[in-house]
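For reference, the structure is listed below as structure tokens.
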Amino acid sequence: MACPYFTLTRHRLTTAAVWARTGRLRVAVVIEGKGTIANEPVGPGDTVLLPAAGGAVALEGTMTVLECSA
């Protein structure tokens, strides 16, 4: 889903993934499963703020994550 103000994407992860930095603020919300985002354990309902600056973000586990970028 996209509009002029933000983009919302659903990711269904079953293997490790790496999100490259986009230069935009992003929020990741775990809606199902469990794993790690940036080496922090996460589960359903957990939210992780991903700043615009910095390196890539590693995701591991079997989970569904909503990614919202502004």
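The values are calculated or read from the model by the stated rules, or taken from the named source; none is laboratory data. The structure displayed is predicted, hence computed values, not measured ones. SASA here: full protein model, heavy atoms, side chains in, ligands and nucleic acids out. Shrake-Rupley method; radii C 1.70, N 1.55, O 1.52, S 1.80 Å.
Summary of computed values
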read-out	value
Per-residue HN-Hα couplings for segment 37-47 [Karplus 6.51, -1.76, 1.60; θ = phi - 60°; Hz; x = Gly/Pro]	10, 6, 6, 9, x, 9, x, x, x, 6, 10
Which label in [x] 1.03; [y] 1.13; [z] 0.98 gives the computed Cα Rg over 2.2 N^0.38 Å	[x]
The chain, relative contact order [Cα under 8 Å, separation at least 6], %	48 percent
Accessible area expressed per residue, the chain, with surrounding protein chains retained (probe 1.4 Å, Å²)	62 Å²
